[in-house]
Structure formats: structure tokens, C-alpha cells
1. Determine the per residue accessible area of the chain with all protein chains present and a 1.4 angstrom probe, expressed in square angstrom.
2. So if each residue of separation counts as 0.36 nm, and I subtract the Cα-Cα distance between Asn103 and Lys43, what length gain in nm does that give?
3. At 7 Å along the Cα-to-beta-carbon direction for both Ser126 and Gln1, put a label point, then send me their distance in nm to one decimal.
4. Pop out the carbon and sulfur fraction of the accessible area of the range 62-126 as a percent, whole number, probe 1.4 Å.
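The values are calculated or read from the model by the stated rules, or taken from the named source; none is laboratory data. The model shown is predicted, which means the values in this text are computed figures rather than measured ones. We place every Cβ from the backbone using ideal geometry, glycine too, and count neighbours over all the protein chains shown. SASA here: full protein model, heavy atoms, side chains in, ligands and nucleic acids out. Shrake-Rupley method; radii C 1.70, N 1.55, O 1.52, S 1.80 Å.
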Amino acid sequence: QVQLVESGGGLVQAGGSLRLSCTASGRTFSNYCMGWFRQAPGKEREFVAGIARSGGNTRYADSVKGRFTISRDGAKNTVYLQMNNLKPEDTAVYYCAAASIPNTIVVVTAGNYAYWGQGTQVTVSS
């Protein structure tokens, strides 16, 4: 099992940037595909970005391509989500998640992630 803790959320004006961090416990961190999801009021949880356990492959939701970047640092057991040019529609609770998936696979379905953090609030004002 792994335990995930997110940080870095906050309030930012449209066009600004934030970097979210997700720190994982356990020595098997490198065996997991990692993803970021978000859930806005009245909406279902949706995929934002994912990175394979090898770190080489990434995927992004169409709504964030070119603005968000996911990365991982195995030595620090940490996954990051750099969010640039934020928009009001990015406002949501952001969750870090882990899935036990083969090396090059990036999972985009929430149901395939076994472990979840508690979430961090991101609010973008205009």
C-alpha cells in the first residue's frame, strides 16, 4: 500500500500559476503509475494528467494540454503538477492517485487507481 499527501493548492488569479506536489510513502513508489484528478462542485471526478511508472510517458486531458505538466522525482517519492495560465474553470479539488500498472502505461480512468490522497483546493478567480 501507499499513502499520498497533496500540497500546493491555493487561490490564484486567472493567468497565474501553481505547482501541486504529491508525496508518497513506501519504497514501492516507482512501481506505480501516478495521476492527478480534479473534482469541481456539481461535477464528477475527472482525469487531469498521468505519468507512467517509468516516468517516460505522460498523458493530459484536452482541457489542460499545453498548460499543465506532470513530472515525478523518484528520489523524493514526489509527483508534481505544474499548472500555468490557470483559468476559472480549473477551480476544483485536485487529487493525487496511484495505480499498479506496467511500465509504460498511463491510466486515465479513476476506477483503475487504487490509492488516493485527500485532495488540495485550487481556486482561480477572474
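1. Numbers: 6380 Å² over 126 residues.
It amounts to 51 Å² per residue over the chain.
2. Numbers: separation 60, 0.36 × 60 = 21.60 nm, distance 3.11 nm.
Fully extending the segment from Asn103 to Lys43 adds 18.5 nm.
3. Between Ser126 and Gln1, the label points sit 4.3 nm apart.
4. Working: 1470 of 3140 Å².
The computed percentage sits at 47.
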